[in-house]
Amino acid sequence: PRYRPDWASLDARPLPAWFDQAKVGVFVHWGVFSVPAWGSEWFWWHWQGEHRADYERFVQRRYPPDTTYADFAPRFTAHDFQPCEWAQLFQRAGARYVVLTTKHHEGFTNWGSPASWNWNSLDTGPHRDLVGELGQALRESNIRYGLYHSLLEWFNPLYLADKASGFKTQNFVLKKTMPELYDLVLKYKPDLIWSDGDWEAPESYWNSTSFLAWLYNDSPVKDTVVVNDRWCNNCSCHHGGYYNCADKYKPGTLPTHKWEMCSSIDKLSWGYRSNMNVAELMDEASIIEELVQTVSFGGNYLLNVGPTKEGVIVPVFQERLLALGRWLDTNGEAIYESKPWRVQMENSTDTVWYTSKGPVVYAIFLIWPRDNILELSSPSPSPATQVTMLGFAGTLKWQKSPGKGLLITLPYMLPSPLPPQSGWTVKLEGVK
C-alpha cells in the first residue's frame with residue numbers, strides 16, 4: 001500500500017525490524033560548535049541569540065575583537081579524523097547503529113550541501129565530505145548509519161523571515177530544509193533519519209508528512225529506513241516512527257510504542273567541551289544501568305560522544321565506550337534482539353531488571369548480593385528450571401524461595417579491593 005501524506009497513514013507503517021533488534025547505538029555531535037568547544041553545542045545561540053555574559057566574556061578573552069561565529073568554521077579542520085578508526089571503536093563498543101549530526105541548529109552542513117553555499121564542510125573547514133566518509137567506514141564494518149538533521153537554523157535569514165510571518169511563508173523549508181533532506185537520502189541512503197529542531201513550527205510549515213510519504217513510498221531506502229518523532233511542534237511522542245519524546249527520556253513503565261533513549265557521556269553537553277572534568281561524565285556503572293533499564297522497557301539506547309574540532313574522540317570517551325563493549329561481549333545475549341518480559345524489574349528493587357527471548361528469561365542484577373544469594377520473586381520455577389550465568393561456565397544451584405520465586409546461589413567472587421564490574425546476567429530456562 002502507498003502511504004498518504006497524513007499522520008494516520010504514516011503512523012501505521014510497521015517499523016523495520018532491524019531497529020528494535022539493534023538495541024545499542026552511538027550518537028555523534030560534531031560541527032563548528034566543536035571549535036569554541038565550550039558551554040555546549042548551543043554555543044552560538046547562547047552567545048548571540050541570548051547574549052549571555054559568560055559566553056560574551058569567553059569570546060572576548062580568547063578571540064580577536066569583532067570575531068563572528070562564521071570565523072570559527074575554518075578552524076573546524078578534522079585534521080585527525082580517521083573514519084575507519086571511529087567505525088572500529090563503535091564496533092568494539094557494541095553499537096549496531098551510529099547517528100552523526102549532518103547539520104545542527106547552526107546550519108553548517110557536514111557534507112557539500114548545494115543549498116548551504118560556503119557554510120559546509122567541503123567549501124570551508126575540513127574540505128571533506130564528513131557524512132560520506134563516515135558512512136563508508138560504518139558500512140564496511142556492517143554498522144547501520146543514521147543521519148541527524150535539524151529542521152530549523154537559528155540565524156538563517158530565510159528562517160527568521162518565515163518565523164516573522166507566523167510561519168505563513170515557507171521560503172526556508174522550500175529552499176533549504178527540504179532540498180537538504182532529499183539530498184541526504186539520495187546521496188547517502190541512510191538507515192535512520194534522526195530529525196530535530198522541530199519545536200517552533202507546525203507540521204503544515206515543515207511539509208514533514210509529504211517528505212515522509214516520499215521516504216516510505218519512493219525513496220531508495222523505503223523498506224529499511226527508520227525515523228524518529230521530531231517532525232513538528234506537537235509530534236514528539238505522538239507521530240513519526242519510533243519515539244524519542246525528549247532528550248534523556250525515561251518512561252518509568254513499559255511504553256506501548258517503540259522508543260529510544262538518547263544520553264550523553266558528558267552530562268552537561270552533547271558537543272565536545274575542552275573544559276569538562278571527570279565528575280561531569282557518566283561512569284561505566286551509570287551507562288550500564290541506563291542501558292539495562294532502557295532495554296527492559298523495550299527501548300533502544302543511543303549514547304553520545306562529541307569529537308574535537310580535529311576529529312578526535314578523546315581517550316576518556318573511548319574508554320567509556322570500550323567498557324560498554326566489554327560488558328556487552330559478556331551480557332549482550334540478554335540485550336540484542338531481546339523483548340521486554342511480563343515484568344520489567346523486580347518489584348522490591350530497581351537493581352534487578354528483566355529481558356526475554358522466547359521462553360528464556362534474563363535477570364540482570366546491578367548490585368552483587370552480599371551473601372552471594374540472588375533472590376528473584378517474579379519468575380515461577382518448575383522442576384525443569386535451569387539457571388546459568390552469562391560469562392560463567394556450568395549451571396548454578398537454585399531452590400524455591402519460601403514465598404514465591406527462587407533463590408540462586410551465585411559463583412563465589414574473589415575479594416578484590418576494586419568494586420566489581422557493574423551488572424551480571426542470570427539466564428533462566430523453564431520458568432514462567
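The values are calculated or read from the model by the stated rules, or taken from the named source; none is laboratory data. As the structure is a computational prediction, the values presented were derived from the model and not from experiment. Here the Cβ is made from the backbone with ideal geometry for all residues, glycine too, and neighbour counts use every protein chain on show. Just the protein is used for accessible areas: all its heavy atoms, side chains included, with ligands, DNA and RNA removed. Shrake-Rupley method; radii C 1.70, N 1.55, O 1.52, S 1.80 Å.
Among the conditions (1) in contact (Cβ under 8 Å) with a residue 40 or more places away in the chain; (2) in a helix (DSSP H, G or I); (3) closer than 20 Å to residue 18 by Cα; (4) not basic (Lys, Arg), the only one that residue 162 does not satisfy is (3).
A residue that is touching a residue at least 40 places away in the same chain (Cβ under 8 Å), more than 23 Å from residue 299 (Cβ to Cβ) and open to solvent by 10 Å² or more (accessible area, probe 1.4 Å) occurs somewhere in region 223-234. Conditions first: (1) open to solvent by less than 10 Å² (accessible area, probe 1.4 Å); (2) closer than 27 Å to residue 174 by Cβ; (3) in contact (Cβ under 8 Å) with a residue 60 or more places away in the chain. Residue 120 passes all but one, so which condition is the exception? Going through (1) open to solvent by less than 10 Å² (accessible area, probe 1.4 Å); (2) closer than 27 Å to residue 174 by Cβ; (3) in contact (Cβ under 8 Å) with a residue 60 or more places away in the chain one by one, residue 120 breaks only (3). Scanning region 1-57 for residues that are of a type in the set (Ser, Thr, Tyr), part of a loop (DSSP other than H, G, I, E, B) and closer than 27 Å to residue 79 by Cβ gives a single hit, 40.
Looking only at region 143-158, which residues are touching a strand residue (DSSP E or B) at 6+ places or on another chain (Cβ under 7 Å) and aliphatic (A, V, I, L, M)?
Once the filter is applied, which keeps residues that are touching a strand residue (DSSP E or B) at 6+ places or on another chain (Cβ under 7 Å) and aliphatic (A, V, I, L, M), region 143-158 yields 143, 147, 151.
In the set 290, 284, only one residue is under 30 Å from residue 342 (Cα atoms), touching a residue at least 24 places away in the same chain (Cβ under 8 Å), surrounded by 15 or more Cβ atoms within 10 Å (Cβ to Cβ) and out of contact with any helix residue (DSSP H, G or I) (no Cβ under 8 Å at 6 or more places or on another chain); that residue is 290. The C-beta contact set for region 15-31 (first residue acidic (Asp, Glu) and at pLDDT 95 or above, second residue outside any helix (DSSP H, G or I) and open to solvent by 20 Å² or more (accessible area, probe 1.4 Å), distance under 8 angstrom, 6+ apart or interchain) comprises 20/258.
Scanning region 315-362 for residues that are closer than 26 Å to residue 278 by Cα and among the hydroxyl-bearing types (Ser, Thr, Tyr) yields one hit, 351.
Is it the case that residue 262 is within 27 Å of residue 30 (Cα to Cα), in the same structural domain as residue 25 (by the TED database) and crowded, with 21+ Cβ neighbours inside 10 Å? Give the steps one after another, and end with the answer.
Numbers: within 27 Å of residue 30 (Cα to Cα): yes; in the same structural domain as residue 25 (by the TED database): yes; crowded, with 21+ Cβ neighbours inside 10 Å: yes.
Yes.
When region 302-355 is filtered for residues that are among the hydroxyl-bearing types (Ser, Thr, Tyr) and surrounded by fewer than 18 Cβ atoms within 10 Å (Cβ to Cβ), the ones remaining, listed by number, are 330, 336, 348, 349, 351.
Would you mind finding the one in 129, 183 that is out of contact with any Phe, Trp or Tyr (no Cβ under 7 Å at 6 or more places or on another chain), open to solvent by 10 Å² or more (accessible area, probe 1.4 Å) and of a type outside the set (Lys, Arg)? When all the criteria are applied, what remains is 183. Considering only region 183-193, I want to know if a residue exists there that is of a type in the set (D, E, K, R), in contact with a Ser or Thr (Cβ under 8 Å, 6 or more places away or on another chain) and more than 20 Å from residue 81 (Cβ to Cβ). Yes, some residue in region 183-193 is of a type in the set (D, E, K, R), in contact with a Ser or Thr (Cβ under 8 Å, 6 or more places away or on another chain) and more than 20 Å from residue 81 (Cβ to Cβ). For beta carbons closer than 7 Å, sequence separation of 6+ or different chains, a first residue in region 143-154 that is touching a residue at least 40 places away in the same chain (Cβ under 8 Å) and a second that is assigned to a loop (DSSP other than H, G, I, E, B) and hydroxyl-bearing (Ser, Thr, Tyr), there are no qualifying pairs.
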